[in-house]
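Undergrad: Here it is, the structure, as structure tokens.
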Amino acid sequence: MIHTKRLTKEQALQKLRHYCAYQERCHAEVKEKLYAFGLHKQEVEESIMQLIEENYLNEERFARQFAGGKFRMKQWGRIKIKEALKQKRVSDYCIRKALQEIDEEQYQATLTKLAAKKWKSIRGQGVNRYVRSAKTTAWLMQKGYETEAIRRVVSALAARDSSLAE
């Protein structure tokens, strides 16, 4: 087992100011770091309060950036973003606020684009619109999109496909 020397509260705070300034962090990540530096519960709580007061730590800001980033960069749906934020022990209030930040038009456009791309990518022997629908739906659910929104988009693709076949 590796023993790191215990930091003083002030040393730990200085390190965490840099840690939080570099990238938004959730409270759970910061708490974990403080405990890893050898601080005790009282010192951890005081440090968290100080970082909040100094505006290094803001869970709502973290949640908004996290949600926006996962949506833009990885094209995750709301369900997957919400679950990831819950895993990071972000409050329900902050999760709701973060999800409200995602533009509805952009969200629908991304869902439609992803569905169309996946639909086109499914090739092979015996592939029909039912197989495509099932595979596209499963993939979009894995990306964290809502069942009803997926159903609408996939139905439109299947309808378009069947009208082309006629």
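Undergrad: Specify the residue that is surrounded by the fewest Cβ atoms within 10 Å (Cβ to Cβ); the eligible residues are those in the stretch 18-47 that are of a type in the set (Lys, Arg) and within 16 Å of residue 90 (Cα to Cα). Even if it seems obvious, please write down each step before you answer.
TA: To start, the set of residues in the stretch 18-47 that are of a type in the set (Lys, Arg) comprises 25, 31, 33, 41.
Restricting the remaining residues to those that are within 16 Å of residue 90 (Cα to Cα) gives 25, 31.
Working: 25: 24, 31: 18.
Ranking the qualifying residues of the stretch 18-47, first place goes to 31.
Undergrad: Can you tell me which condition residue 159 does not meet? The list is (1) open to solvent by 50 Å² or more (accessible area, probe 1.4 Å); (2) touching a residue at least 60 places away in the same chain (Cβ under 8 Å), and all the others hold.
TA: Exception for residue 159: condition (2).
Undergrad: Please pick out the residue among 135, 97 that is within 22 Å of residue 62 (Cβ to Cβ) and either assigned to a helix (DSSP H, G or I) or modelled with pLDDT of 95 or more (or both).
TA: Working: 135 fails: within 22 Å of residue 62 (Cβ to Cβ).
Unique residue meeting the criteria: 97.
Undergrad: In the stretch 92-111, which residues are within 16 Å of the chain's Cα centre (by Cα), open to solvent by 20 Å² or more (accessible area, probe 1.4 Å) and of a type in the set (A, V, I, L, M)?
TA: Within the stretch 92-111, 99 is the sole residue that qualifies.
Undergrad: When only residues in the stretch 1-17 that are open to solvent by less than 90 Å² (accessible area, probe 1.4 Å) and of a type in the set (S, T, N, Q) count, which is nearest to residue 89 (Cα to Cα)? First the steps, then the outcome.
TA: At the first step, the residues of the stretch 1-17 found to be open to solvent by less than 90 Å² (accessible area, probe 1.4 Å) are 7-9, 11-14, 16-17.
Adding the requirement that they be of a type in the set (S, T, N, Q) leaves 8, 11, 14.
Values: 8: 26, 11: 26, 14: 24 Å.
Going through the qualifying residues, I end up with 14.
Undergrad: Under 8 Å between Cβ atoms, at least 6 apart or on separate chains: pull out the pairs that start in the stretch 1-16 with a residue that is of a type in the set (Ser, Thr, Tyr) and end on any residue that is open to solvent by 60 Å² or more (accessible area, probe 1.4 Å) and at pLDDT 90 or above.
TA: So the pair list comes out as 4/36.
Undergrad: Starting from residues that are closer than 22 Å to residue 98 by Cβ and surrounded by 13 or more Cβ atoms within 10 Å (Cβ to Cβ), keep the ones in the stretch 48-59 and report whichever is nearest to the chain's Cα centre (by Cα).
TA: Only one residue fits best here, namely 59.
Undergrad: Going by the structure shown, is residue 68 small (Gly, Ala, Ser) and open to solvent by 10 Å² or more (accessible area, probe 1.4 Å)? Quick ask: steps written out before the conclusion?
TA: Details: small (Gly, Ala, Ser): yes; open to solvent by 10 Å² or more (accessible area, probe 1.4 Å): yes.
It is true that residue 68 is small (Gly, Ala, Ser) and open to solvent by 10 Å² or more (accessible area, probe 1.4 Å).
Undergrad: Next question. Looking at (1) farther than 30 Å from residue 61 by Cα; (2) not in a loop (DSSP other than H, G, I, E, B), can you tell me which one residue 124 breaks?
TA: For residue 124, the exception is condition (2).
The values are calculated or read from the model by the stated rules, or taken from the named source; none is laboratory data. All values derive from a computational prediction rather than experimental measurement. So basically every Cβ, Gly included, is an ideal-geometry build from the backbone, and we count neighbours across all protein chains shown. Heads up: the accessible areas ignore ligands, DNA and RNA and are worked out on the full protein's heavy atoms, side chains in. Shrake-Rupley method; radii C 1.70, N 1.55, O 1.52, S 1.80 Å.
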